[in-house]
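Peer 1: If you scroll down you'll find the structure; I have some questions about it.
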Amino acid sequence: MKNITVLAGGVGGARFTRGLLAHLARTDPGAAVTVVVNTGDDMWLDGLRICPDLDTVMYTLGGGINEEQGWGRPDESRRAAAEISAYGRGWSWFTLGDLDLATHIVRTDLLRSGSTLSEVTEFLCRRWKPGARLLPMSDQPVETHVRLARDVDEHRAGELMHFEEWWVRYRAGIPVTEFVQVGLADAVAAPGVVEAIERADLVILPPSNPVVSVGTITAVPGIRSALSSTDARVVGVSPIIGGAAVRGMADACLHTIGVETSASAVGLHYGARAAGGLLDAWLVDETDATALPALAAAGIRAAAVPLWMRDDASTAAMAAAAISLARA
Ligand code: GDP
Ligand code: CA
């Protein structure tokens, strides 16, 4: 296995990739990993460009993540955020720690002087040395919004709200009718993304949000067709265990697009590559083994193994299982 490409959101994709790298370090040190990261959650805040998933992946793989939160840095203060609030500016529900703010300042400075997001990401990674090549899904801004089903506070029914506001401020607790990727029509895959998929020996969809992480990446023009034409096997790892999202609120996203929150429903939603879908193989948790026959009937090779990412060892074992399922 020389080249492995992972299509990742934030926490789930980052933790899985850390386990994958730990597994490869022991078994296949020559393997190279590319992570194509969702940028649909990106936004402007306080004049700064924030890329939540890129930063979570970069900090997690680079040893600088706040493990409890899953975003931001450990031991950072909120003093600058408190000062911004004192001016009545910013979003009180989206706090940026002081160390994390430095990343956003550097990123914004480079973007404003003409660098692309790919170039900025490469620059930031020179410091963090994540052990994998990180690529934004696109260099053009593509921002996920939700369409509100009813009025809420100052927002009106039918209007769009940025995904992060719905997710973080309202905890995905207000009904929405659809997800809209603003900017998608003018976006293309970032340099190297299509090649990383087409030339991979293995493509992995890690346990990331199927709708607003994997769904957004695969909606970028060029990415889905690369996934269908690549000679690599495409293997997915279920983010749903026993009918629930393991951490977080992915069920609210699945509900909105009419997909049941279950490992088999998500696998069938991605679909078999042979039938125009995304997957050759799908790994489900051991407690979801009853899903295997339906997946096999749909043309998706599936296996059931423990899928809780408790630590690097359990996560590395998941990565090993994904690789051997793809090889089988
Ligand atoms: P986000 O951008 O931070 O929301 O992160 P992702 O898009 O990568 O996905 C988060 C998803 O990862 C959650 O919705 C969970 O369903 C899934 N997840 C988190 N922890 C685990 C775990 O230990 N095992 C599995 N199988 N899935 C997990
Ligand atoms: Ca995210």
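Peer 1: Among MET43, MET137, MET58, which comes first, then next, by fewest other beta-carbon atoms within 10 Å? If you can, show how the numbers build up before the last one.
Peer 2: Working: MET43 19, MET137 29, MET58 25.
Ranking MET43, MET137, MET58 by Cβ neighbours within 10 Å, fewest first, gives MET43, MET58, MET137.
Peer 1: Sticking with this one: At 7 Å along Cα-to-Cβ for each site, give me the label-to-label distance between SER314 and SER225 in nm.
Peer 2: Once both label points are built, they end up 4.2 nm from each other.
Peer 1: Would you please give the FRET efficiency between ALA289 and ARG327, computed as 1/(1 + (r/R0)^6) with r the Cβ-Cβ distance and R0 = 25 Å, to the nearest 0.05?
Peer 2: E(calc), rounded to 0.05, equals 0.75.
Peer 1: Quickly estimate the mean residue ellipticity at 222 nm for the chain, helices only: each DSSP H run with n ≥ 4 gives -39500 (n - 2.57), and the total goes over all residues, rounded to 500.
Peer 2: Mean residue ellipticity at 222 nm (helix-derived): -10500 deg cm²/dmol.
Peer 1: Right, here's the next one. So how far apart, in nm, are the two label points at GLN69 and ARG150 if each is 7 Å from Cα heading toward Cβ?
Peer 2: Simple spin-label model gives 3.2 nm for this pair.
Peer 1: So who's got an amide H within less than 5 Å of the one on LEU134, skipping anything under 5 residues away but keeping other chains? H placed 1.01 Å off N, in plane.
Peer 2: VAL35
Peer 1: What's the extension gain from ALA102 to SER85 if we count 0.36 nm per residue and subtract their Cα-Cα distance?
Peer 2: On the way: separation 17, 0.36 × 17 = 6.12 nm, distance 1.78 nm.
Contour length minus Cα-Cα distance gives 4.3 nm.
Peer 1: Hey, another quick one. Taking a virtual spin label 7 Å from the Cα of SER115 along the C-beta vector, which residues in region 47-74 bring their backbone nitrogen under 19 Å of it?
Peer 2: The answer is 47-64.
Peer 1: For the chain, give me the percentage of DSSP beta bridges that are antiparallel, rounded to the nearest 5 percent. Before the final figure, lay out each step's value.
Peer 2: Details: 16 of 42 bridges.
The antiparallel fraction comes to roughly 40 percent.
Peer 1: Excluding the sites themselves, what is the longest stretch of the chain that contains no GluC sites (Glu not before Pro) in a DSSP loop with at most 10 other C-beta atoms within 10 Å?
Peer 2: 155-328
Peer 1: Write out the chymotrypsin sites (Phe, Trp or Tyr not before Pro) in region 1-87 meeting two conditions: DSSP loop, and at most 12 other Cβ atoms within 10 Å of their Cβ.
Peer 2: Details: sites: PHE16, TRP44, TYR59, TRP71, TYR87; in loops: TRP71, TYR87.
Counting only loop positions with at most 12 other Cβ atoms within 10 Å, the chymotrypsin sites (Phe, Trp or Tyr not before Pro) in region 1-87 are TYR87.
Each value in this text was obtained by applying a stated rule to the coordinates, not by laboratory testing. It should be emphasised that the depicted structure is a prediction, and the values quoted were computed from it without experimental measurement. So basically every Cβ, Gly included, is an ideal-geometry build from the backbone, and we count neighbours across all protein chains shown.
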